[in-house]
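Read-outs throughout are calculated quantities, based only on the coordinates presented, and are distinct from any laboratory measurement. Keep in mind it's a predicted model, so treat the numbers as computed, not measured. Quick reminder, even Gly has a Cβ in these numbers, built from the backbone with ideal geometry, and neighbours come from all protein chains shown.
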Amino acid sequence: MRSPVQQYLESIVEQCSGTEGEVASYIPELAQTDPDRFALALATVDGHVYTLGEAETCFSIQSISKPFTYALALADRGFQGVAEKVDVEPSGEAFNEISLASDTGRPPNPMINAGAITAASLIAGENTESRFARVLDWLSGFAGRDLEVDEKVYTSELTTAHRNRAIAHMLREFNILHGDPEEQLDLYVRQCAVSVNTRDLAVMAATLANGGVQPVTQRRMLEPAYVERVLSVMATCGMYDAAGDWISAVGMPAKSGVSGGIIAVLPGQVGLAVFSPRLDAHGTSARGVQVCERMSNDMDMHLM
Ligand code: DON
């Protein structure tokens, strides 16, 4: 017999039909995605995971990697070391805006691309390969299983990343990035191409909900002070130029990605993940937003 939680998740999906929007196409490989894929997963802080739809189907993590690499940069460099390079102010701009402070070049926050490329550049390690190995290990630790890179998505994005390449070179000009900006761009593009499924994302979100301890493996991934910072930045900047709409309607720290994933975190309780690749005008899953709004209303998940 299906549990009440499972029955509830099924009813949600029926109510949020999600036929609007198109899949991302500026990364050519993403244009191949079946637009009508759908999955939903809910992970509790005591390690229960409820799923619906294609929760084991993998897709590239894209911008949902950003809060986690920001977390690794914080763990590597501390608050001060990171703050020197990237601020925590919402920009109210699109994710790919060429947004750098006019005097210092410091990006406003680590959720937009400029700030995320900067955060990736702060990951410690001897060379790009060992630094990326640490990123992959880090994301795998949150997911509780060994993740891999989707090489097709990686190559597809790297060869068409003209805008991010321009941003990386601008950041280098301001000495926000050090070393070869192409290497920092490569690291960022690789982190975006890490392949995850909706279940992984829910557990990753639940790790943040659980104060930094992965709820299935019980491994401590992040200190509580850094969890607090990551969630603050997700709440204020995670949805870019729709951050105000999102926090008003859903009321949880969250992050979206152009492949169609969304995570939301209810501290002390659950991590939520939705996958539906049709995007709205902000590059966020249209059906994913609908589902999160609905669940937040039904279950009183709004934190404010
Ligand atoms: O940098 C990019 O454009 C992509 N790798 C990630 C963008 C993204 O996921 C924006 N979020 N909705």
All strands (runs of 3 or more DSSP E) inside the stretch 16-82 with 3 or more residues being within 16 Å of the ligand (Cβ to nearest atom): 58-60
In the stretch 248-267, residue farthest from the ligand (Cβ to nearest atom) [restricted to those that are in a loop (DSSP other than H, G, I, E, B) and not aliphatic (A, V, I, L, M)]: P267
Set Y8, Y70: member being closer than 20 Å to A273 by Cα and surrounded by fewer than 20 Cβ atoms within 10 Å (Cβ to Cβ): Y8
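Taking the stretch 161-186, which residues are closer than 14 Å to L122 by Cα and without any contact (Cβ under 8 Å) to a residue 60 or more places away in the chain?
A168, R172, H178, G179, D180, P181, E183, D186
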Scope the stretch 39-48; condition in contact (Cβ under 8 Å) with a residue 40 or more places away in the chain and out of contact with any Lys or Arg (no Cβ under 7 Å at 6 or more places or on another chain); matching residues: A39, L40, L42, A43, T44, V45, D46, G47
Pick from the stretch 233-242, criterion more than 12 Å from the ligand (Cβ to nearest atom) and surrounded by fewer than 22 Cβ atoms within 10 Å (Cβ to Cβ), ranking: farthest from the chain's Cα centre (by Cα): T236
Single residue of the stretch 109-138 satisfying the filter (without any contact (Cβ under 8 Å) to a residue 24 or more places away in the chain and farther than 25 Å from T217 by Cβ) that is nearest to the ligand (Cβ to nearest atom): E129
Criterion violated by V230 - all others in (1) within 13 Å of the ligand (Cβ to nearest atom); (2) within 16 Å of the chain's Cα centre (by Cα) satisfied: (1)
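With respect to T19, determine if the residue is polar (S, T, N, Q) and either under 19 Å from I263 (Cα atoms) or surrounded by 18 or more Cβ atoms within 10 Å (Cβ to Cβ) (or both).
No.
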Residues being basic (K, R) and farther than 19 Å from Q62 by Cα - total across the stretch 78-133: 2
Test: residue in the stretch 204-219 that is closer than 22 Å to N96 by Cβ and in contact with a helix residue (DSSP H, G or I) (Cβ under 8 Å, 6 or more places away or on another chain): no
Yes/no for S99 being in contact with a helix residue (DSSP H, G or I) (Cβ under 9 Å, 6 or more places away or on another chain), in contact (Cβ under 8 Å) with a residue 40 or more places away in the chain and within 16 Å of the ligand (Cβ to nearest atom): no
Qualifying residue in the stretch 273-286 (condition: in a helix (DSSP H, G or I), within 14 Å of the ligand (Cβ to nearest atom), more than 12 Å from the chain's Cα centre (by Cα) and touching a residue at least 40 places away in the same chain (Cβ under 8 Å)): yes
